Amino acid sequence: MGKYFGTDGFRGEANKVLTVDHAFKVGKYLGWYYGKEHKAKIVIGKDTRRSSYMFEYALAAGITSTGANAHLLHVTTTPSVSYITRTEDFDCGIMISASHNPYYDNGIKLINKKGHKMEAEVELAIEDYIDGKIGELPLSTGAEIGRTVDYYAGRNRYMGHLISLPTHSYENIKIGLDLANGSAFFIAKNVFDSLGADTYVINDRPDGVNINTDAGSTHINVLSEYVKANGLDVGFAYDGDADRCIAVDNLGNVIDGDLILYICGKYLKNHGKLPFDTVVTTIMSNIGLYKAFDKVGIRYEKTNVGDKYVYENMKENGYALGGEQSGHIIFSQYAKTGDGILTSLMIMEAMLSFKQPLSKLAEEVTIYPQLLKNVVVENKEEALSNEKVKEIIEEVAEDLGEEGRILVRESGTEPVIRIMVEAATSDTCEDYVNKVIEVMKNEGLLIEIR
């Protein structure tokens, strides 16, 4: 990770951590970098945060000031920017979003021309430019100044791509969507309506400050209650930029990323579309998932947390399915990044192919209790290298043995240490997580628990 760009872009509170000046310089560097030998064109999407409009114009100003053209998708999803970048021959793409974070945060995600997350060396060069380590870049003048282009057509092409994928009709299926008052609010319902579903929608009225507020994949209880109250067959919840999906079955049970990987992995394997019979997971995936994979002959890989690492593993080894417990699921045959709406469609394909409700498909996996607590600290490196902290982590791991595990890691975007314990009972998880937190507190490392 660099100084500004973490595992999921340059993210922070708008105009405090991430400023308009930063956005202008990011745009200016990209316009110059890709425009050295030709007239560069860069596509920009944004979510519904109030500050997204501000950053959109700052990025476009930077891009056009160095002679490149900025194509504006306006409010759209992160996976749509990835899709358009790689299929419409753009030099790179930019998504303005802080994903599942509160409205006052924002972020700049960079996507290379292949639709993948931007190479680290480019991000590091942008950081050097922001910090004044690179000389001032030349500005274009006269007719060489770039222009902005409204590019709604790109968003529509992405919707057409999604609609073309399913092999079944959704007629007479009652589907609930929680759009998190985010960037899927325009796209998702149109996709499901086009496929014949009876579509029920909540949290589809963004006002600039209500994105992710008691809504979407991070507040899945809202959709769960809605599905039960309205007798729906299935529900899908997205985050602010719709690159993740958490589902709800017909009984209101939550189907998280691990269960989605199992259901879709089994579906793809049965149809001969799971190369090497392997699914890529992260170190956060539940023990219960692996036990269920073993029973149906599915192998698995484990990566560090972050869909970036999942995709790198998939790309290197030719795998078709991978993802995170949080709902970032990648189907590499169709996308180069997590795509919440695409994930919904693939879950529907599994349900209709197996001719079973989601509740039945998910009951094959026994999920072990898992507890995660986030500890805000002054210094992540100091907290993780503290000898007392390392000792208690080793002690807990030894006590759990093969019937559980502990995972302590730093956040890639916040001053937070994440402490997760998985064990046979919820009480055991609580006891061991609290033991680690107590040591951090006694060592003066802890600011607050989230």
TODO: Quick one: order 228, 388 by neighbouring beta-carbon count within 10 Å, fewest to most.
DONE: 388, 228
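Mind giving me the FRET efficiency for residue 390 and residue 449? R0 is 25 Å, r the Cβ-Cβ distance, nearest 0.05 is fine.
Numbers: r = 20 Å, r/R0 = 0.79.
Once rounded, the FRET efficiency stands at 0.80.
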Open item on the list: Compute a Gaussian network model of the chain, connecting alpha carbons closer than 10 Å, and tell me which residue from 310, 43, 421 fluctuates the most.
Closed with: 421
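Of 16/46; 266/295; 46/380; 302/355; 3/28, which ones are farther than 21 Å apart at the Cα? Walk me through the numbers before you get to the answer.
On the way: 16/46 19 Å; 266/295 11 Å; 46/380 30 Å; 302/355 30 Å; 3/28 19 Å.
Pairs exceeding 21 Å: 46/380; 302/355.
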Task: Extension reserve of the residue 295-residue 148 stretch, reckoned as 0.36 nm per residue once the Cα distance is removed - done: 47.5 nm
TODO: Could I have the simple spin-label model distance between residue 198 and residue 113, label points 7 Å from Cα toward Cβ, reported in nm to one decimal?
DONE: 4.9
TODO: Enter the Cα centre distance for the pair the stretch 314-388 and the stretch 161-190, rounded to the nearest angstrom.
DONE: 20
TODO: Mind sorting 326, 411 by how few other Cβ atoms lie within 10 Å of their own Cβ, fewest first?
DONE: 411, 326
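Is the stretch 236-295 best put as rounded, prolate or oblate by its Cα gyration tensor, with a ≥ b ≥ c the root eigenvalues, rounded for a/c under 1.5, and otherwise prolate when a/b is larger than b/c, oblate when not?
Values: a/c = 1.61, a/b = 1.54, b/c = 1.05.
Note, shape of the stretch 236-295 comes out prolate.
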- [ ] Select from 173, 202, 341 the residue whose mean-square fluctuation is largest in a Gaussian network model of the chain (Cα-Cα springs shorter than 10 Å).
- [x] 173
Open item on the list: With 10 angstrom as the radius, rank 448, 123 by how many other C-beta atoms surround their C-beta, starting from the fewest.
Closed with: 448, 123
Task: All aspartates and glutamates inside 18 Å of residue 174 as judged from Cα atoms, apart from same-chain residues fewer than 8 positions distant - done: 193, 198, 204, 225, 233, 249, 349
Task: the chain - mean residue ellipticity at 222 nm from DSSP helices (-39,500 (n - 2.57) per run, n ≥ 4, rounded to 500) - done: -12000 deg cm²/dmol
Open item on the list: Would the stretch 170-233 count as rounded, prolate or oblate if I go by the C-alpha gyration tensor, calling it rounded below 1.5 in a/c and otherwise prolate when a/b exceeds b/c, oblate otherwise?
Closed with: oblate
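State the three equivalent ellipsoid semi-axes of the stretch 5-155, derived from the C-alpha gyration tensor as the square roots of 5 times its eigenvalues, in descending order and whole Å. The partial results should precede the final answer.
Numbers: eigenvalues 84, 66, 41 Å².
Working from the Cα gyration tensor, I get semi-axes of 21, 18, 14 Å.
Using only the Cα atoms of the chain, build the gyration tensor, take square roots of its eigenvalues as a ≥ b ≥ c, and label the shape rounded, prolate or oblate: rounded if a/c is under 1.5, else prolate if a/b is larger than b/c, else oblate. The partial results should precede the final answer.
On the way: a/c = 1.78, a/b = 1.19, b/c = 1.50.
Because a/c hits 1.5 or more and a/b fails to exceed b/c, the chain counts as oblate.
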Open item on the list: Only Cα pairs within less than 10 Å get springs; with that Gaussian network setup on the chain, which residue of 321, 162, 342 has the largest fluctuation?
Closed with: 162
Task: Phi to ³J(HN,Hα) by Karplus 6.51 cos²θ - 1.76 cosθ + 1.60 over the stretch 214-227, Hz, x for Gly, Pro - done: 6, 7, x, 5, 8, 9, 5, 4, 5, 5, 4, 5, 5, 4
Task: Separation of alpha-carbon centers, the stretch 43-81 and the stretch 5-25, rounded to whole Å - done: 14
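Pull out the extension gain between residue 430 and residue 124, defined as 0.36 nm times the separation in residues minus the alpha carbon to alpha carbon distance; nm, one decimal.
Value of the extension gain: 106.2 nm.
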Task: Amide H contacts of residue 279 (H built 1.01 Å from N, under 5 Å, at least 5 apart or other chain) - done: 299, 300, 301
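Computed from the coordinates by the stated procedures, all read-outs in this text should not be read as laboratory data. If you're wondering where the values come from, they're calculated on a predicted model, not measured in any experiment. Note that we place each Cβ from the backbone using ideal geometry, even for glycine, and neighbour counts take in every protein chain shown.
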